[in-house]
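Participant: Input: one structure, supplied below.
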Amino acid sequence: MTESNAAPGPVALVGSGEYLPQMAAVEGGLLEGRPARYVQLATAAVPDGPEVVAHWHDLGRAQAERLGVEAVIVPVASRADAQDPAMAALVEGAGLVYLSGGDPTFLADTLRDTLVWRAIQAAWRDGAALAGCSAGAMALGAWIPSIRHPQRASTAGLSLFGRLGVIPHFDAFGRWVPDFLTRMVLPREDAVTVLGIDEETALVGGPSAWRVEGRASVWRLNAAHREQWPAGTTVELELA
(Lines give C-alpha, C1' and ligand atoms only; values in the text may rest on other atoms or scores of the structure.)
Protein backbone atom coordinates (compact mmCIF):
# COMPACT_ATOMS: atom_id res chain seq x y z
CA MET A 1 0.00 0.00 0.00
CA THR A 2 1.32 3.48 -0.91
CA GLU A 3 1.71 5.85 1.99
CA SER A 4 0.13 9.28 1.67
CA ASN A 5 2.40 12.31 1.82
CA ALA A 6 -0.51 14.65 2.54
CA ALA A 7 -0.42 16.90 5.57
CA PRO A 8 -3.39 17.02 7.94
CA GLY A 9 -6.08 19.47 6.91
CA PRO A 10 -7.13 22.52 8.89
CA VAL A 11 -9.31 22.26 11.98
CA ALA A 12 -12.08 24.66 12.97
CA LEU A 13 -13.21 24.93 16.59
CA VAL A 14 -16.52 26.78 16.40
CA GLY A 15 -18.44 28.43 19.24
CA SER A 16 -21.86 28.23 17.56
CA GLY A 17 -23.62 28.71 14.23
CA GLU A 18 -22.90 25.55 12.27
CA TYR A 19 -24.63 25.46 8.88
CA LEU A 20 -26.03 28.99 9.23
CA PRO A 21 -25.57 31.59 6.46
CA GLN A 22 -23.44 33.79 8.70
CA MET A 23 -20.89 30.96 9.05
CA ALA A 24 -20.88 29.98 5.38
CA ALA A 25 -17.63 31.87 4.77
CA VAL A 26 -15.85 29.79 7.42
CA GLU A 27 -17.20 26.50 6.07
CA GLY A 28 -16.55 27.53 2.48
CA GLY A 29 -12.98 28.45 3.36
CA LEU A 30 -12.41 25.01 4.87
CA LEU A 31 -13.65 23.37 1.66
CA GLU A 32 -11.60 25.58 -0.64
CA GLY A 33 -9.17 23.49 -2.68
CA ARG A 34 -10.62 20.25 -1.31
CA PRO A 35 -13.16 17.74 -2.66
CA ALA A 36 -16.69 19.16 -2.85
CA ARG A 37 -17.89 16.52 -0.40
CA TYR A 38 -19.24 17.90 2.88
CA VAL A 39 -19.52 15.05 5.41
CA GLN A 40 -21.83 15.82 8.34
CA LEU A 41 -22.46 14.02 11.65
CA ALA A 42 -25.27 15.16 13.96
CA THR A 43 -24.46 12.42 16.48
CA ALA A 44 -24.23 14.85 19.40
CA ALA A 45 -27.91 15.72 18.93
CA VAL A 46 -29.16 12.13 19.28
CA PRO A 47 -30.04 12.50 23.02
CA ASP A 48 -32.30 15.43 22.07
CA GLY A 49 -34.48 13.24 19.85
CA PRO A 50 -34.94 12.39 16.17
CA GLU A 51 -36.65 15.67 15.34
CA VAL A 52 -33.58 17.61 16.48
CA VAL A 53 -31.27 15.31 14.52
CA ALA A 54 -33.42 15.77 11.42
CA HIS A 55 -33.26 19.54 11.94
CA TRP A 56 -29.44 19.46 11.88
CA HIS A 57 -29.49 17.26 8.79
CA ASP A 58 -31.77 19.76 7.04
CA LEU A 59 -29.55 22.70 8.01
CA GLY A 60 -26.46 20.85 6.84
CA ARG A 61 -27.98 20.02 3.47
CA ALA A 62 -29.06 23.64 3.04
CA GLN A 63 -25.55 24.91 3.79
CA ALA A 64 -24.00 22.43 1.36
CA GLU A 65 -26.40 23.61 -1.34
CA ARG A 66 -25.52 27.22 -0.48
CA LEU A 67 -21.83 26.37 -0.93
CA GLY A 68 -22.37 24.33 -4.08
CA VAL A 69 -21.05 21.06 -2.66
CA GLU A 70 -22.42 17.58 -1.93
CA ALA A 71 -23.90 16.94 1.53
CA VAL A 72 -23.05 13.49 2.89
CA ILE A 73 -25.01 12.61 6.03
CA VAL A 74 -23.40 9.98 8.29
CA PRO A 75 -26.32 9.03 10.60
CA VAL A 76 -24.39 7.61 13.55
CA ALA A 77 -26.78 7.28 16.50
CA SER A 78 -25.00 4.60 18.55
CA ARG A 79 -21.69 2.82 19.00
CA ALA A 80 -23.05 -0.01 16.86
CA ASP A 81 -23.57 2.51 14.06
CA ALA A 82 -20.08 3.91 14.61
CA GLN A 83 -18.64 0.40 14.19
CA ASP A 84 -20.49 -0.19 10.92
CA PRO A 85 -18.04 -0.34 7.98
CA ALA A 86 -20.70 1.14 5.70
CA MET A 87 -20.95 4.21 7.92
CA ALA A 88 -17.17 4.58 7.99
CA ALA A 89 -17.03 4.31 4.21
CA LEU A 90 -19.23 7.40 3.90
CA VAL A 91 -16.39 9.50 5.31
CA GLU A 92 -13.97 8.56 2.51
CA GLY A 93 -13.19 11.31 0.04
CA ALA A 94 -14.38 14.10 2.35
CA GLY A 95 -13.33 17.67 1.77
CA LEU A 96 -14.76 18.69 5.15
CA VAL A 97 -16.02 16.59 8.06
CA TYR A 98 -18.26 18.50 10.48
CA LEU A 99 -19.36 17.42 13.97
CA SER A 100 -22.34 19.56 14.97
CA GLY A 101 -23.76 20.44 18.38
CA GLY A 102 -25.64 18.72 21.18
CA ASP A 103 -24.21 16.57 23.97
CA PRO A 104 -20.38 16.44 23.82
CA THR A 105 -20.09 13.54 26.25
CA PHE A 106 -22.49 11.42 24.20
CA LEU A 107 -20.60 12.32 21.04
CA ALA A 108 -17.20 11.38 22.46
CA ASP A 109 -18.47 8.19 24.09
CA THR A 110 -20.19 7.13 20.85
CA LEU A 111 -17.26 7.71 18.49
CA ARG A 112 -14.26 6.85 20.66
CA ASP A 113 -12.17 3.93 19.26
CA THR A 114 -14.66 3.14 16.48
CA LEU A 115 -14.38 2.62 12.73
CA VAL A 116 -16.12 5.92 12.02
CA TRP A 117 -13.76 7.91 14.25
CA ARG A 118 -10.74 6.19 12.68
CA ALA A 119 -12.12 7.05 9.24
CA ILE A 120 -12.53 10.70 10.29
CA GLN A 121 -8.96 10.82 11.59
CA ALA A 122 -7.66 9.17 8.42
CA ALA A 123 -9.51 11.64 6.19
CA TRP A 124 -8.15 14.57 8.21
CA ARG A 125 -4.59 13.24 8.11
CA ASP A 126 -4.94 12.90 4.34
CA GLY A 127 -5.83 16.58 4.02
CA ALA A 128 -9.58 16.88 4.66
CA ALA A 129 -10.69 19.76 6.87
CA LEU A 130 -12.29 18.88 10.20
CA ALA A 131 -14.69 21.11 12.12
CA GLY A 132 -16.53 20.80 15.40
CA CYS A 133 -19.15 23.25 16.58
CA SER A 134 -20.21 23.59 20.22
CA ALA A 135 -20.38 19.95 21.40
CA GLY A 136 -18.35 18.95 18.36
CA ALA A 137 -15.55 21.34 19.30
CA MET A 138 -15.62 20.20 22.91
CA ALA A 139 -15.37 16.54 21.91
CA LEU A 140 -12.23 17.10 19.83
CA GLY A 141 -10.23 18.00 22.93
CA ALA A 142 -8.82 15.94 25.76
CA TRP A 143 -11.23 17.18 28.39
CA ILE A 144 -14.98 17.87 28.33
CA PRO A 145 -16.24 19.99 31.23
CA SER A 146 -19.42 18.79 32.84
CA ILE A 147 -22.31 20.87 31.53
CA ARG A 148 -25.05 18.39 30.65
CA HIS A 149 -23.84 15.75 33.15
CA PRO A 150 -23.34 17.49 36.51
CA GLN A 151 -22.84 14.15 38.27
CA ARG A 152 -19.55 13.80 36.36
CA ALA A 153 -16.82 16.34 37.08
CA SER A 154 -15.55 15.99 33.51
CA THR A 155 -15.16 13.36 30.83
CA ALA A 156 -12.49 12.44 28.33
CA GLY A 157 -12.80 13.80 24.82
CA LEU A 158 -11.66 12.22 21.58
CA SER A 159 -8.20 13.76 22.10
CA LEU A 160 -7.54 14.86 18.56
CA PHE A 161 -5.76 17.55 20.55
CA GLY A 162 -4.35 16.12 23.75
CA ARG A 163 -3.99 19.43 25.61
CA LEU A 164 -7.26 21.14 24.80
CA GLY A 165 -10.50 21.98 26.56
CA VAL A 166 -13.16 24.08 24.77
CA ILE A 167 -15.95 26.21 26.23
CA PRO A 168 -18.28 27.11 23.31
CA HIS A 169 -20.95 29.85 23.41
CA PHE A 170 -18.47 31.63 25.66
CA ASP A 171 -20.06 35.07 25.45
CA ALA A 172 -23.39 33.53 26.53
CA PHE A 173 -22.13 31.37 29.39
CA GLY A 174 -22.12 34.22 31.88
CA ARG A 175 -25.89 34.40 31.48
CA TRP A 176 -26.49 30.64 31.45
CA VAL A 177 -24.15 29.43 34.22
CA PRO A 178 -22.75 32.43 36.14
CA ASP A 179 -20.32 30.41 38.30
CA PHE A 180 -19.24 27.95 35.61
CA LEU A 181 -15.73 29.32 35.05
CA THR A 182 -14.79 29.52 38.70
CA ARG A 183 -16.40 26.17 39.51
CA MET A 184 -15.27 24.03 36.59
CA VAL A 185 -12.56 25.69 34.52
CA LEU A 186 -10.22 27.99 36.40
CA PRO A 187 -9.26 25.54 39.19
CA ARG A 188 -7.58 23.24 36.64
CA GLU A 189 -3.79 23.11 37.06
CA ASP A 190 -2.91 20.43 34.51
CA ALA A 191 -1.47 20.96 31.04
CA VAL A 192 -4.85 21.47 29.33
CA THR A 193 -5.25 24.75 27.45
CA VAL A 194 -8.81 26.01 28.01
CA LEU A 195 -10.29 28.11 25.21
CA GLY A 196 -13.55 30.04 25.38
CA ILE A 197 -15.02 30.50 21.89
CA ASP A 198 -17.74 33.10 21.41
CA GLU A 199 -20.88 32.43 19.41
CA GLU A 200 -20.56 32.60 15.59
CA THR A 201 -16.78 32.57 16.00
CA ALA A 202 -14.17 29.97 15.07
CA LEU A 203 -10.51 29.24 15.74
CA VAL A 204 -9.21 27.86 12.44
CA GLY A 205 -5.86 26.33 11.53
CA GLY A 206 -3.37 23.99 13.15
CA PRO A 207 -1.16 22.31 14.04
CA SER A 208 0.35 25.44 15.62
CA ALA A 209 -0.73 28.46 13.51
CA TRP A 210 -4.34 29.59 14.11
CA ARG A 211 -6.61 32.47 13.11
CA VAL A 212 -9.80 33.75 14.74
CA GLU A 213 -12.66 34.03 12.23
CA GLY A 214 -16.27 35.14 12.63
CA ARG A 215 -17.96 37.96 14.53
CA ALA A 216 -16.38 37.96 18.02
CA SER A 217 -13.44 36.54 20.00
CA VAL A 218 -11.62 33.49 21.29
CA TRP A 219 -10.36 33.60 24.87
CA ARG A 220 -7.48 31.74 26.50
CA LEU A 221 -8.47 31.07 30.10
CA ASN A 222 -6.54 30.38 33.26
CA ALA A 223 -6.81 31.15 36.94
CA ALA A 224 -4.93 34.43 36.59
CA HIS A 225 -6.58 36.15 33.64
CA ARG A 226 -8.43 35.93 30.33
CA GLU A 227 -6.48 36.61 27.14
CA GLN A 228 -8.75 37.88 24.36
CA TRP A 229 -8.13 37.18 20.67
CA PRO A 230 -10.58 39.22 18.54
CA ALA A 231 -11.61 38.18 15.04
CA GLY A 232 -8.68 38.54 12.66
CA THR A 233 -6.08 37.65 15.30
CA THR A 234 -3.43 35.08 14.39
CA VAL A 235 -1.82 33.08 17.20
CA GLU A 236 0.76 30.36 17.69
CA LEU A 237 -0.73 27.63 19.86
CA GLU A 238 0.46 24.05 20.40
CA LEU A 239 -2.45 21.77 21.39
CA ALA A 240 -1.15 18.29 20.45
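The values are calculated or read from the model by the stated rules, or taken from the named source; none is laboratory data. Computed from a predicted structure; not experimentally measured. Cβ sites come from the backbone with ideal geometry, for glycine too, and all protein chains shown count toward neighbours.
Participant: With the structure loaded, tell me whether W117 is touching a helix residue (DSSP H, G or I) at 6+ places or on another chain (Cβ under 9 Å) and at pLDDT 95 or above or whether it fails that test.
Facilitator: yes
Participant: Right, something else. Pairs only if they're at least six apart or on different chains, beta carbon under 7 angstrom, first in region 106-130 and touching a residue at least 24 places away in the same chain (Cβ under 8 Å), second among the hydroxyl-bearing types (S, T, Y) and crowded, with 23+ Cβ neighbours inside 10 Å; list them, first residue then second.
Facilitator: Here the result reads L107/T43; T110/T43; L111/T43, each pair linking region 106-130 to a residue that is among the hydroxyl-bearing types (S, T, Y) and crowded, with 23+ Cβ neighbours inside 10 Å.
Participant: Tell me which residues, restricted to region 120-148, are in a strand (DSSP E or B) and at pLDDT 95 or above.
Facilitator: Selection gives A129, L130, A131, G132, C133.
Participant: Name the residues in region 191-240 that are in a strand (DSSP E or B) and either modelled with pLDDT under 95 or on the phi > 0 side of the Ramachandran plot (or both), would you?
Facilitator: Once the filter is applied, which keeps residues that are in a strand (DSSP E or B) and either modelled with pLDDT under 95 or on the phi > 0 side of the Ramachandran plot (or both), region 191-240 yields T193, V194, L195, G196, G205, G214, W219, R220, L221, R226, E227.
Participant: Also, quick follow-up: Within the group G9, G33, G17, which residue is over 18 Å from the mean Cα position of the chain (by Cα), under 23 Å from G232 (Cβ atoms) and in a loop (DSSP other than H, G, I, E, B)?
Facilitator: G33
Participant: OK, next. Name the residue that is surrounded by the fewest Cβ atoms within 10 Å (Cβ to Cβ), counting only residues in region 63-118 that are in a loop (DSSP other than H, G, I, E, B) and among the charged types (D, E, K, R).
Facilitator: D113
Participant: Considering only residues that are in contact with a Ser or Thr (Cβ under 6 Å, 6 or more places away or on another chain) and not acidic (D, E), look in region 97-127 and name the one that is farthest from E18 (Cα to Cα).
Facilitator: Among those that are in contact with a Ser or Thr (Cβ under 6 Å, 6 or more places away or on another chain) and not acidic (D, E), it is T110.
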